[in-house]
């Protein structure tokens, strides 16, 4: 009877054959890779929009290219939720993933490192070198864990402003990013209009929608309902005993929202992972194995508490909050803006970027809006470089002339 | 300092103020409401497609209207994943929710109970009176729990065939259902072509797509990663100590996939649930409170193990399995078929019903296909009765004439 497929029981070790790290955060002492560091906490304390504060803020960042003597060629690239400073380059010591915009950043590419000086910083609250929940709290000598204060896009942008000063840069030729990166680009335009010559928020939104909040919320619940999350105090847990089932599930949910039914149909169909187990309750289809693979990959390089803080920071994103609303803020932008949509994006649907463009232009601004007809979904902002490259190049030329 | 909003910690009792049942399953001894019961396990054992078997199968069902002397007016209505036999009628003793198709079933409605005899049975593996994981296993005297064998749509339809015999019905004028209900309708047409005069699979699919499997898979993980699930042995747990956080999370995820960004924009926007907590990490937006409400509601009337079994049964749905593939099976249908799509349905997108219609018609069959332009998403099959009603009526007239 034990050979009968329906006797298969749920066994997480079939999904994740080896134990996963308690936290995938980078820590001092780990290989630094391409990272550079700047302590930017000039203000003491660094007061946050939600009311908390941090005594120390350190930013991990990477740069590509050379800053021109007149500082006219600096570009800030902003990463998305689970990205980090490693926007370009390979999987190499210190970096557990390939550069997320490697197709767009490099010699001769749209963000041409022969011409431009590119900066990408890990965000405040992140886990790849910048101060976040897994960093040591100087008051206690232990990781902040759940005491790490909630941050917002505005806080993140203020730390980037301090980094800019640290690097001696006067102006960004552009601030560029997709998804959460685009939220930062918009905040730059609103908070420091004199310091940016153009903005490129791609597949992003002016204020997180209730649908985006809904997805974030269930992903956070997947983490906090994992008993190994331990109310956020898991950093001392033995190897393999951290909240990785919860973090992996959060990633699996989000991974689905990043892709599309068309991509999955084409790539996986109804293929079982182990054909002989197809008709059993706990047999998996290939799509399930794909999701488990992505869950696992994220756990190796991310931190559950950072996911919670940054996911909530995205929900809190509202460029119009306490500023008279989204349309008046966007209508006041006076630098060239590029925004773009992927037709099949179910997470940041095209109507949101179209509305952004309309509000900017209605106020007398200059927003160029493009749509790529692509089955890639939200991940199109990472994958559709043949579409994005020329648009980015053109916007940079325009910014250079108008600036 | 305790008044600072960011000091709010994650506290599940804020989401669910009172403890929820270990299982929301109906059990013998509970008020029966409109339910009738039939023991249909004529074959002993009732052998299942996946290889397991059941010694006893009892079906809980409801009926509306009167069977005509010539039996020409019987219609089988099939419910979706978390539905049950209570397709029409109110929230009343024995029934913890309003009839899910109350707008379509009743005197003078499309499924006119003055003219037709309507039958709706809780599915095999369910938890509202039909044999499922929460039922007592006659071999042990305890609930089956995780030993309940995996079932498929074909098994469910075979039990419905036995119920049909029990009721003395020769032919269904139609088999009708949305989503998982539509899967059963299709299987009826394939398994018992001589016993049906028409089929109406609405917002459904011929074989579960990898995207549908992906959603089901993360919902199941939400349950099994709840330690209170206890590998499926939770029925003896003390009040309030069952896997309800997991089941609620599974429901919250699925609830998002049933609705749309447009509905959420309009209904919730970015309104906080407790305005003073808006900027805190664990403050909730109204959309989050709405999701918690739906999670809670399901826990009160559903069973976690039934969710696992039926969710997997949906993934296993493939009308073409071991029958030469979907298109040849659909192309062989020879009764009138109605299918319909909701434009904004992201879970059962329109291209799937269009493909179904195309395959039926390409084989020489007769499939009428309609699309409603509606923002309701997958729940449109429950909500768009003004659209569905006339289509259903027309198909019933056609079936009566052609039969």
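So the label point goes 7 Å from the Cα of residue A:370 along Cα→C-beta, right? Which residues of the range A:318-356 then have their backbone N under 14 Å from it?
It comes to A:337-343, nothing else.
Any chance you could get the radius of gyration and Dmax over the Cα atoms of the range B:171-223, in Å?
13.5, 41
Taking the convex hull of the Cα atoms, report for the range B:18-91 its projected area averaged over all directions, in nm².
Across all orientations, the range B:18-91 yields a mean hull projection of 8.2 nm².
Estimate the FRET efficiency between residue A:114 and residue B:11 by the formula 1/(1 + (r/R0)^6), using the beta-carbon distance for r and 60 Å for R0, to the nearest 0.05.
So the FRET efficiency works out to roughly 0.65.
For the range A:238-329, rounded, prolate or oblate, judged on the Cα gyration tensor with a ≥ b ≥ c (square roots of eigenvalues), a/c < 1.5 rounded, else prolate if a/b > b/c?
It comes out oblate by the Cα gyration axes.
Could you order the peptides A:388-399, B:87-98 from most to least packed, using the average number of other C-beta atoms within 10 Å per residue?
A:388-399, B:87-98
Compute the separation of the alpha-carbon centres of the range A:299-359 and the range B:337-381 and state it in Å as a whole number.
33
Tell me the angle of helix B:385-402 to the major Cα principal axis of chain B, expressed in degrees between 0 and 90 and rounded to the nearest ten.
Helix B:385-402 sits at roughly 20 degrees to that axis.
Please rank B:323, B:154, B:14, fewest neighbouring Cβ atoms within 10 Å first, as an exposure proxy.
B:323, B:14, B:154
Taking each residue in B:205-211, count the Cβ atoms of any other chain within 10 Å of its Cβ, then average. What number comes out?
Taking the mean over all residues of the peptide, I get 6.
Quick check: pseudo-label points 7 Å beyond the Cα along Cα→Cβ at residue A:139 and residue B:293, how many nm apart are they?
Label at residue A:139, label at residue B:293, 3.8 nm between them.
In percent, how large is the relative contact order of the range A:5-402, given Cα pairs closer than 8 Å and 6 or more residues apart?
Value for the range A:5-402: 20 percent.
Take the alpha carbon gyration tensor of the range A:147-238, find the square roots of its eigenvalues, order them as a ≥ b ≥ c, and report rounded if a/c is under 1.5; if not, report prolate when a/b exceeds b/c, else oblate.
Since a/c reaches 1.5 but b/c is at least a/b, the shape of the range A:147-238 is classed as oblate.
Where the Cα atoms of the protein assembly as shown are projected onto their three principal axes, how long is each span, largest first, in whole Å?
94, 51, 47
Please report, in whole Å, how far the alpha carbons of the range B:324-369 spread along each principal axis, starting with the longest.
Principal-axis extents of the Cα atoms in the range B:324-369, largest first: 30, 21, 12 Å.
Inverting the mean 1/r over all pairs of different Cα atoms, compute the Kirkwood radius of the range A:187-266 and quote it in Å.
Kirkwood radius, the range A:187-266: 15.7 Å.
What's the center-to-center distance, using Cα atoms, between the range B:99-175 and the range A:70-125 in Å?
Using only Cα atoms, the two centres lie 57 Å from each other.
Within the range A:139-178, list the residues whose amide N lies under 18 Å from a label point set 7 Å along Cα→Cβ of residue A:402.
Hits in the range A:139-178 for residue A:402 at 18 Å: A:171-177.
Quick one: with label points 7 Å out along Cα→Cβ, list the inter-copy distances for residue A:400 in nm, shortest first?
Ordered by distance, the counterparts are at 7.6 nm.
Looking at the square roots a ≥ b ≥ c of the eigenvalues of the Cα gyration tensor of the range A:329-403, which shape do they give, rounded for a/c under 1.5, prolate if a/b is larger than b/c, or oblate?
Oblate, because a/c is 1.5 or more while a/b does not exceed b/c.
Average partner chain C-beta neighbours within 10 Å, per residue of A:141-150?
Per-residue shielding by partner chains comes out at 2.
Give me the one-decimal nm value for the distance between modelled label points at residue A:18 and residue A:328, 7 Å along each residue's Cα-to-Cβ direction.
The answer from the label model is 5.7 nm.
If I histogram all Cα-Cα distances within the range A:5-402 using bins 20 Å wide from 0, what percent of pairs lands in each bin?
The percentages, shortest bin first, are 28, 58, 13, 0.
I'd like the orientation of helix B:153-166 relative to chain B: the angle between its Cα long axis and the longest Cα principal axis, in ° from 0 to 90, rounded to 10.
60
Please compute, for peptide B:279-291, the average count of beta-carbon atoms on other protein chains lying within 10 Å of each residue's beta-carbon.
6
Take every DSSP beta bridge with both residues inside the protein assembly as shown and express the antiparallel ones as a percent of the total, to the nearest 5.
In the protein assembly as shown, approximately 40 percent of DSSP beta bridges are antiparallel ones.
Based on the Cβ-Cβ distance from residue B:362 to residue A:343, what FRET efficiency comes out when R0 is 25 Å, to the nearest 0.05?
That pair, residue B:362 with residue A:343, gives E of 0.35.
Sorting B:342, A:401 on the 10 Å Cβ count, fewest up front, what's the list?
So the residues, fewest neighbours to most, are A:401, B:342.
Any chance you could get the radius of gyration and Dmax over the Cα atoms of the range A:38-171, in Å?
Looking at the range A:38-171, its Cα Rg and Dmax stand at 15.5, 48 Å.
Just from its helices, what would the mean residue ellipticity at 222 nm be for chain B, if runs of 4 or more DSSP H residues each count -39500 (n - 2.57) and the sum is divided by every residue, rounded to the nearest 500 deg cm²/dmol?
So the calculated ellipticity at 222 nm is -10500 deg cm²/dmol.
Roughly what % of DSSP beta bridges within chain A run antiparallel, to the nearest 5?
If we restrict to bridges inside chain A, about 40 percent are antiparallel.
Can you list the copy-to-copy distances for residue A:108, using a point 7 angstrom from Cα toward Cβ, in nanometres, shortest first?
Label point to label point, same position, other copies: 7.6 nm.
Using R₀ = 60 Å, calculate the FRET efficiency as 1/(1 + (r/R₀)^6) where r is the Cβ-Cβ separation of residue B:266 and residue B:44; round to 0.05.
So, using R0 = 60 Å, E works out to roughly 0.65.
Compute the distance in nm between two label points, each set 7 Å from the Cα along the Cα-to-Cβ direction, one at residue B:161 and one at residue B:72.
2.6
Bear in mind these aren't lab numbers, they're just calculated from the coordinates by the rules spelled out. Since the model is a prediction, treat every value here as computed from it, not as a measurement. Don't worry about glycine lacking a Cβ; one is built from the backbone with ideal geometry, like all the others, and counts go over all protein chains shown.
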